[in-house]
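Enquirer: Here it is: the structure, laid out below.
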Amino acid sequence: MIINGPNLNLLGVRDKSVYGSDTLDDIESLLKTTYSDIDFIFIQSNHEGDLVEAIHSVRTGNVDAVVANWGGFTHTSVAIHDALELLDIPKVEVHLSNIHAREEFRERSITGKAMDGIITGFGPDSYLLGVEAGIKLLNRKK
Ligand code: CA2
(Lines give C-alpha, C1' and ligand atoms only; values in the text may rest on other atoms or scores of the structure.)
Protein backbone atom coordinates (compact mmCIF):
# COMPACT_ATOMS: atom_id res chain seq x y z
CA MET A 1 0.00 0.00 0.00
CA ILE A 2 1.29 3.43 -0.94
CA ILE A 3 -0.06 6.16 1.33
CA ASN A 4 0.28 9.89 0.74
CA GLY A 5 -0.68 12.57 3.24
CA PRO A 6 -1.83 16.17 3.03
CA ASN A 7 -1.20 18.44 0.06
CA LEU A 8 0.57 15.75 -1.92
CA ASN A 9 -2.47 15.70 -4.23
CA LEU A 10 -1.18 19.10 -5.43
CA LEU A 11 2.25 17.84 -6.48
CA GLY A 12 3.27 19.14 -9.89
CA VAL A 13 0.26 21.44 -9.92
CA ARG A 14 1.37 24.21 -7.52
CA ASP A 15 4.79 25.48 -6.42
CA LYS A 16 7.01 23.16 -8.45
CA SER A 17 10.21 24.72 -7.04
CA VAL A 18 10.51 22.48 -3.95
CA TYR A 19 8.83 19.23 -4.96
CA GLY A 20 9.36 19.20 -8.74
CA SER A 21 6.96 18.89 -11.65
CA ASP A 22 5.85 15.27 -11.31
CA THR A 23 2.25 14.85 -10.21
CA LEU A 24 1.11 12.17 -7.76
CA ASP A 25 -0.40 10.35 -10.77
CA ASP A 26 3.04 10.41 -12.44
CA ILE A 27 4.63 8.88 -9.33
CA GLU A 28 1.93 6.21 -9.13
CA SER A 29 2.43 5.37 -12.83
CA LEU A 30 6.20 5.17 -12.27
CA LEU A 31 5.64 2.63 -9.49
CA LYS A 32 3.15 0.60 -11.54
CA THR A 33 5.41 0.40 -14.61
CA THR A 34 8.57 -0.30 -12.59
CA TYR A 35 6.93 -2.98 -10.47
CA SER A 36 4.36 -4.47 -12.85
CA ASP A 37 4.11 -7.63 -10.70
CA ILE A 38 3.01 -5.76 -7.57
CA ASP A 39 -0.66 -5.02 -6.89
CA PHE A 40 -0.51 -1.52 -5.46
CA ILE A 41 -3.24 0.12 -3.43
CA PHE A 42 -2.84 3.92 -3.59
CA ILE A 43 -4.32 6.14 -0.90
CA GLN A 44 -4.06 9.91 -0.53
CA SER A 45 -5.82 11.96 2.10
CA ASN A 46 -5.59 15.44 3.55
CA HIS A 47 -7.24 14.22 6.77
CA GLU A 48 -5.38 12.72 9.72
CA GLY A 49 -8.28 10.44 10.74
CA ASP A 50 -8.53 8.99 7.23
CA LEU A 51 -4.84 8.14 7.35
CA VAL A 52 -5.26 6.48 10.77
CA GLU A 53 -8.14 4.45 9.33
CA ALA A 54 -6.06 3.48 6.30
CA ILE A 55 -3.47 2.07 8.72
CA HIS A 56 -6.23 0.21 10.62
CA SER A 57 -7.48 -1.24 7.33
CA VAL A 58 -4.01 -2.65 6.70
CA ARG A 59 -4.18 -4.51 10.01
CA THR A 60 -7.25 -6.45 8.91
CA GLY A 61 -6.50 -6.61 5.20
CA ASN A 62 -4.17 -8.39 2.86
CA VAL A 63 -1.33 -5.89 2.57
CA ASP A 64 2.32 -7.03 2.58
CA ALA A 65 4.02 -3.69 3.22
CA VAL A 66 3.37 0.02 3.55
CA VAL A 67 5.34 2.82 1.87
CA ALA A 68 4.15 6.20 3.10
CA ASN A 69 4.79 9.88 2.73
CA TRP A 70 2.88 11.35 5.68
CA GLY A 71 3.43 14.91 4.37
CA GLY A 72 3.20 17.56 7.09
CA PHE A 73 1.76 15.01 9.55
CA THR A 74 5.26 13.47 9.63
CA HIS A 75 6.28 16.21 12.04
CA THR A 76 3.11 16.46 14.15
CA SER A 77 1.02 13.30 14.32
CA VAL A 78 1.10 11.21 17.48
CA ALA A 79 -2.15 9.59 16.27
CA ILE A 80 -0.52 8.26 13.08
CA HIS A 81 2.55 7.21 15.07
CA ASP A 82 0.40 5.24 17.54
CA ALA A 83 -1.61 3.53 14.76
CA LEU A 84 1.67 2.54 13.05
CA GLU A 85 3.04 0.97 16.21
CA LEU A 86 0.25 -1.61 16.03
CA LEU A 87 1.21 -2.60 12.49
CA ASP A 88 3.50 -5.60 12.20
CA ILE A 89 4.48 -5.52 8.51
CA PRO A 90 7.33 -3.66 6.73
CA LYS A 91 6.77 0.11 6.96
CA VAL A 92 8.94 2.53 4.99
CA GLU A 93 8.61 6.31 5.24
CA VAL A 94 9.55 8.34 2.16
CA HIS A 95 10.01 12.04 1.46
CA LEU A 96 10.60 13.79 -1.82
CA SER A 97 12.77 16.45 -0.20
CA ASN A 98 15.59 15.94 2.30
CA ILE A 99 13.77 16.81 5.53
CA HIS A 100 17.16 17.30 7.28
CA ALA A 101 18.25 20.01 4.85
CA ARG A 102 15.23 22.27 5.33
CA GLU A 103 13.54 24.20 8.15
CA GLU A 104 14.29 23.01 11.67
CA PHE A 105 10.65 21.99 12.28
CA ARG A 106 11.00 19.34 9.55
CA GLU A 107 14.03 17.74 11.27
CA ARG A 108 11.91 15.63 13.59
CA SER A 109 9.81 12.79 12.20
CA ILE A 110 7.29 11.64 14.80
CA THR A 111 5.84 9.03 12.43
CA GLY A 112 9.35 7.83 11.53
CA LYS A 113 9.86 6.51 15.05
CA ALA A 114 7.23 3.86 14.27
CA MET A 115 8.52 3.02 10.77
CA ASP A 116 11.31 0.57 9.83
CA GLY A 117 13.25 3.33 8.10
CA ILE A 118 13.12 6.61 6.22
CA ILE A 119 14.20 7.50 2.68
CA THR A 120 14.41 11.23 2.21
CA GLY A 121 15.57 13.57 -0.53
CA PHE A 122 15.50 11.61 -3.78
CA GLY A 123 12.43 13.14 -5.39
CA PRO A 124 10.06 10.58 -6.97
CA ASP A 125 12.87 7.99 -6.73
CA SER A 126 12.30 8.02 -2.95
CA TYR A 127 9.12 6.03 -3.65
CA LEU A 128 10.99 3.48 -5.81
CA LEU A 129 13.66 3.14 -3.13
CA GLY A 130 10.88 2.82 -0.55
CA VAL A 131 9.34 -0.12 -2.43
CA GLU A 132 12.83 -1.70 -2.76
CA ALA A 133 13.29 -1.37 1.00
CA GLY A 134 9.85 -2.90 1.60
CA ILE A 135 10.73 -5.90 -0.62
CA LYS A 136 14.06 -6.36 1.18
CA LEU A 137 12.33 -6.31 4.56
CA LEU A 138 9.75 -8.85 3.36
CA ASN A 139 12.49 -11.18 2.07
CA ARG A 140 14.35 -10.84 5.37
CA LYS A 141 11.27 -12.11 7.24
CA LYS A 142 11.01 -15.34 5.18
O1 CA2 B 1 9.46 16.08 1.13
C2 CA2 B 1 8.38 15.54 1.35
O3 CA2 B 1 7.96 14.58 0.71
C4 CA2 B 1 7.47 16.07 2.47
O5 CA2 B 1 6.85 14.97 3.11
C6 CA2 B 1 6.43 16.94 1.81
C7 CA2 B 1 5.48 17.62 2.81
C8 CA2 B 1 6.29 18.36 3.87
O9 CA2 B 1 5.40 18.90 4.85
C10 CA2 B 1 7.31 17.45 4.54
O11 CA2 B 1 8.05 18.22 5.46
C12 CA2 B 1 8.25 16.85 3.52
C13 CA2 B 1 4.58 18.66 2.14
C14 CA2 B 1 3.90 18.24 0.91
C15 CA2 B 1 3.34 19.48 0.29
O16 CA2 B 1 3.06 19.23 -1.05
C17 CA2 B 1 2.93 20.30 -1.88
C18 CA2 B 1 2.56 20.00 -3.16
C19 CA2 B 1 2.44 21.03 -4.06
C20 CA2 B 1 2.70 22.33 -3.68
C21 CA2 B 1 3.07 22.62 -2.39
C22 CA2 B 1 3.17 21.59 -1.47
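Enquirer: When you go through Ser97, Ser17 one by one, which is the residue that is in a loop (DSSP other than H, G, I, E, B), hydroxyl-bearing (Ser, Thr, Tyr) and either within 20 Å of Thr120 (Cα to Cα) or under 13 Å from the mean Cα position of the chain (by Cα) (or both)?
Expert: Residue meeting the stated conditions: Ser97.
Enquirer: Check off (1) within 11 Å of the ligand (Cβ to nearest atom); (2) more than 23 Å from Gly134 (Cα to Cα) for His47 and give me the number that stays unchecked.
Expert: Going through (1) within 11 Å of the ligand (Cβ to nearest atom); (2) more than 23 Å from Gly134 (Cα to Cα) one by one, His47 breaks only (1).
Enquirer: Taking the options Gly71, Gly121, Gly130, Gly112, name whichever one is within 10 Å of the ligand (Cβ to nearest atom) and out of contact with any helix residue (DSSP H, G or I) (no Cβ under 6 Å at 6 or more places or on another chain).
Expert: The conditions single out Gly121.
Enquirer: Okay, next question. I need a count of the residues in the stretch 13-37 that are surrounded by 16 or more Cβ atoms within 10 Å (Cβ to Cβ) and either more than 11 Å from the ligand (Cβ to nearest atom) or among the small types (Gly, Ala, Ser) (or both).
Expert: Residues that pass the stated criteria total 2.
Enquirer: Out of the stretch 100-116, which residues are free of Cβ contacts under 8 Å to residues at least 12 places away in the same chain and assigned to a helix (DSSP H, G or I)?
Expert: Once the filter is applied, which keeps residues that are free of Cβ contacts under 8 Å to residues at least 12 places away in the same chain and assigned to a helix (DSSP H, G or I), the stretch 100-116 yields only Glu104.
Enquirer: I'd like the full set of residues that are among the basic types (Lys, Arg), near the ligand (Cβ under 9 Å from one of its atoms) and surrounded by fewer than 16 Cβ atoms within 10 Å (Cβ to Cβ), limited to the stretch 94-109.
Expert: Arg102
Enquirer: What residue, of Asn46, Asn62, is at pLDDT below 95 and part of a loop (DSSP other than H, G, I, E, B)?
Expert: Criteria check complete, one pass: Asn62.
The values are calculated or read from the model by the stated rules, or taken from the named source; none is laboratory data. Just so it is clear, the structure is predicted and the values come from calculations on it, not from any experiment. A quick note on method: Cβ atoms are made from the backbone with ideal geometry, for glycine too, and the neighbour counts reach across all protein chains shown.
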